[in-house]
Amino acid sequence: MAIDLVVKNIILKEWIVAQADCGEKIPDLIIYEQVSQYSIWIALSLAIGGILVEQKTIKRILMVIAVLPLAAWGYVQFMVDYTSLKKEIFAYNVLAEATLANIAEAQDRYKSEQGKYIGDLRKIYSHIGGAGGMNECVKILNMTAGFEHWRAEATHLSSPESVIWDSRAGTSLKKG
């Protein structure tokens with residue numbers, strides 16, 4: 001009985017403390033453009049080959065095979081909602097930028113206390129608590145810091161793009 005209670009509490013706590021849902025990973029939109037471009041050229045080449053070939057069986061085979069890349073082209077052109085994908089990517093990038101803004105606030109606070117910026121991500125995590133914290137779904141890809149400036153690059157786990165923040169672009173609280 002006591003073991004069941006402990007197991008339920010542990011399972012319940014794991015469920016409560018579980019990582020936030022970061023959303024579905026969005027592929028880079030260039031992939032859709034490449035699929036569209038290559039598939040239409042392949043379909044066109046197969047159709048032209050089917051027109052030029054004299055044998056009926058090969059002609060039919062080429063025409064049937066040409067339908068597959070044409071279907072891929074049609075899917076990318078008519079089924080993929082570019083507008084909603086761009087909105088989602090923008091929203092994810094805003095979350096990454098907000099995390100970088102929290103880092104900028106922590107960097108300014110540390111600079112005023114110590115006279116230099118933090119270059120170590122582990123130290124920045126301890127100084128970022130008052131600035132609003134770190135988003136679990138945002139990964140800091142790169143951070144460099146010196147005495148006069150700092151630069152960080154972050155991405156949302158679901159976004160194909162990254163956001164860069166450079167303190168040399170005005171104040172450190174201004175995005176680069």
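Some observations on this one:
- Alpha carbon centroid spacing (whole Å) that separates segment 99-166 from segment 52-94: 41 Å
- For segment 84-166: span of alpha carbons on each principal axis (Å, largest first): 44, 22, 16
- Calculated from backbone phi, Karplus (6.51, -1.76, 1.60) coupling profile of segment 40-48 in Hz, x at Gly/Pro: 5, 5, 5, 4, 5, 5, 5, 5, 5
Rule-based calculations on the coordinates, nothing more; no lab input. This is a predicted model, so every value here is computed, not measured.
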